[in-house]
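Here the structure is laid out as structure tokens; the discussion comes afterwards.
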Amino acid sequence: MSESELSVIKPEALKTYIWLQCFDGSIQQVEEEVAMFCPMICREIVKNGTGSAKNHAIALPERVNPASLSLILDYCRFHQVPGRSNKERKSFDEKFVRIDTEKLCELTSAADSLQLKPLVDLTSRALARIIEGKTPEEIRDIFHLPDDLTEEEKLEPLKNINDDPRIRLLNRLYAKKRKELQERQKLKDIQVQQEHKDERSLDELLCFINGDGGSGGGKGGKSKKKNKRRKDAKNPPKADLEPVNKGEAACAVPCNVGIGNIPRAPCQTSDVQDDNEYPFEDGDLDDGLDPAMQEELDREVEDFARRLNSVWPERMHLGQERRIESQLIGGNNSLQRFSGFNHR
Amino acid sequence: MAYSSFTQRQFSRSSTSGSTIIEQTMSSSSPGHARRLFDGMPPKKKRKSPPPVSVADRISALPDSLLHHVLSFLPAQASVRTCVLARRWRHLWRSTTGLRIVGLDDEVELDVEDLRKFVDHLLILRERTDLDSVEIKFDEFCEEDQPYVKTWVRFALMCKVRTLTLHVGASEYLDLDDLPLVSRHLRTLDLDGVGLQATFLDFGTCPVLQDLKMSHCNINACRISSHSLKHLTIYCCNSDFDCRIHVSTPCLFSLELSHFSGRTPILENMALLESAHVYLSDYCQDVCLNYDSGVFCGANNNACKNCVPTEDDCSREYVLLGGISNAKHLKLLPGSKTFIFARDLKQCPTFTKLKTLLLNEYWCEGPDLDPLACILKNSPVLEKLTLQLFSKGPTHKVEMKGTYSSVEGPAAISEHLHMVEVKCNVVDEKILKVLKFLTAFNIRFGFV
């Protein structure tokens, strides 16, 4: 008789035992029915005939360490008894997974390598319960995860998945949509701005016609005047722009009352809109004025401005007046471009 | 610390073979060396200072497939959020084997609208892996949301889902299309708060469907049929139809039919049935017309037209007992007004395999306890009988256990009967009547 047979025929052993060997070399014996509960061990016994003796122990996968193995065998020992009620099993399972997270992770890994599906599910659910409802910091803390993502990656983690064509398409669509919305918003803003200015420019038109009479300089030197205005409007300090905007409403009212409406506004607004869509088309072209001409125009503008300031003290500043005038005179919406420029 | 981030980078670079890297390092060296690897000593770098006592990151050592499995138990939003935990976790959420499209907070009532945007992103950004289980659960929805929910169901089926759960907690039913459910992989279907129609309930296009549970559903069909179904639960459902629903599930193993509102479904023959639990509540439309006047229809000649089968309609056929008389374990708890069981019993079915039986006071109505007598006489292998009289349980104030000895007297009832229990709240004359009846069969009682 061989030694293996002798080891089986022991008087005190009424049950058959199976020998299991962990990766670290330690060997353990366990009752056969308990071991058979594990599909992987069961297969080894049935197909390969191993496990019946100490020197023919079943080699377990390396993910099964001795601590996990003893837990797994406890689990098998309990559940392989057929007479237990569902309640008992559930209560055992709940207590079984109340171990520290490290052991739980090792147990999950071991159960997975032994293909013990019910235990894999039980331990996976337990891990999921630990993760659920916690902040990332808490989770990192519990599982000792390294905090190896950059701040940007944490804030916009999905932005960096650029290799997927679907995501690229999605990002493009979103970008396009965002742009559209922005454009529409800008149009709205400009339109609102523009309408105020339009009203005032009408008043200005009438005032100009009634008061100044400098139409000669107006129509003839159209383009020149336009340039002048643009340049001069640039010169005054930027601070003017702010109060100008605020003062619009205040100025608009008295003008309207005084002068009345001319229904040019709608046409002008439509022009304004067109121009806003294609800003800078003509650009800030220099018409090539010679300096002498420039100076003369400067003086005229200053005169006019002074007069305006004295008659309508609520009306603000030079820059604003000039802009209106240029629009009025130029008629080709250089003002809009300006305001467009300022808005950008 | 430096070493652990080194391993993380290893994992992310070859995320699908992350486990093999660890296994290679482990198997190519002795156990002692492997332990040192985890102690923070990188194989090529030399450290001047002693390595920090780094508590190993055990969870990231799990293979990808296992982490996908863990993440599939989380609500979808929580699983997506794990992408900010660490480099190893950046893309794990995209390949989970299960999706739980449920809210994060159990207390808040969940609108489909809240879910929609998130789910749209999730379904596009995920990997197209097969899904094992999909759970969709929400409370409120409106007209425009219905196509989205149906699309999510279709998506789940396309991903070869095996377990599909759809729970709608709203006050109206979410109507699923009158289209067949086609899937070669679907095994378990759990529906709650859904409106179902004829074509859907013909599960011929789901050849491996084994578990079907319908709770609080509106079943507007004449037939539920499946040749593969093993477990069927119809709980608190209703039907607007006048005709009875035919349940055709020849391979059924276990059945639960309770609180059905409407005409009781007809159960066709189930040869493999092991257990059936049928509870007909007050919502059941099959009520005895004489009940309110206190006249028991059973034995009388002037029985109402509901209780006595007439020639013209199909009431001559079994409604319930035809299907479930093959079972080994029965729990039959009809409401007192119903007539179905009494009517079925008139056709004298035999319960050839019945081993355990649980009945309520319905069976003990009438002067001679006819229904109980009938069923006892026709159960040749009955082993355990439990009578739950006027007490819903689970605990009962009075429990009596009786034993039966077949030696004395004729074997009117099963010879194998070894346990009879009577559970009630008070021992009044009705209970005494039952006890007297049972003692006539040589059943002796004692108090527990």
Report summary line: Going through the stretch A:27-46 in order, the residues found to be more than 15 Å from A:D74 (Cβ to Cβ) and touching a Cys at 6+ places or on another chain (Cβ under 8 Å) are A:M36
Requested in this report: Exactly one condition in (1) at pLDDT 50 or above; (2) closer than 23 Å to A:V64 by Cα is not met by B:S72; state its number.
Outcome: (2)
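Restricting the search to the stretch B:73-94, which residues are touching a strand residue (DSSP E or B) at 6+ places or on another chain (Cβ under 6 Å) and either among the β-branched types (V, I, T) or more than 8 Å from chain A (Cβ to nearest Cβ) (or both)?
B:A76
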Query raised in the report: What do you reckon, is B:L174 under 26 Å from B:D139 (Cα atoms) and in contact with a helix residue (DSSP H, G or I) (Cβ under 7 Å, 6 or more places away or on another chain)?
Result: yes
Report task. Identify all residues within the stretch B:323-361 that are part of a helix (DSSP H, G or I), touching a strand residue (DSSP E or B) at 6+ places or on another chain (Cβ under 8 Å) and at pLDDT below 85; write none if there are none. Result -> B:I340, B:F341
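Condition check ((1) more than 25 Å from the chain's Cα centre (by Cα); (2) modelled with pLDDT under 75) across all residues:
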| position | (1), (2) |
| --- | --- |
| A:L104 | yes, no |
| A:L114 | yes, no |
| A:D121 | yes, no |
| A:R125 | yes, no |
| A:D148 | no, no |
| A:K154 | no, yes |
| A:K159 | no, yes |
| A:R166 | no, yes |
| A:N171 | no, yes |
Requested in this report: Mind counting the residues in the stretch A:85-133 that are under 22 Å from B:V102 (Cβ atoms), within 7 Å of another protein chain (Cβ to nearest Cβ) and among the small types (G, A, S)?
Outcome: 2
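Residue-by-condition table, conditions (1) part of a helix (DSSP H, G or I); (2) within 29 Å of B:I59 (Cα to Cα):
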| residue | (1), (2) |
| --- | --- |
| B:C83 | yes, yes |
| B:D120 | yes, no |
| B:L123 | yes, yes |
| B:L131 | no, yes |
| B:V149 | yes, no |
| B:A156 | yes, yes |
| B:K160 | no, yes |
Query raised in the report: Being within 19 Å of B:L273 (Cβ to Cβ) and buried (at least 18 other Cβ atoms within 10 Å of the Cβ), is that true of even one residue in the stretch B:176-197?
Result: no
Query raised in the report: If you go through the stretch A:147-155 one residue at a time, do you hit one that is at the interface with chain B (Cβ under 7 Å from one of its Cβ atoms) and within 15 Å of B:L67 (Cβ to Cβ)?
Result: no
Query raised in the report: Does the stretch B:231-241 include one or more residues that are part of a loop (DSSP other than H, G, I, E, B), of a type in the set (A, V, I, L, M, F, W, C) and farther than 13 Å from B:L257 by Cα?
Result: yes
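The values are calculated or read from the model by the stated rules, or taken from the named source; none is laboratory data. Since the structure is predicted, the reported quantities are computational estimates derived from the model, not experimental observations. Please note: Cβ atoms are built from the backbone with ideal geometry, for glycine as well, and neighbour counts cover all protein chains shown.
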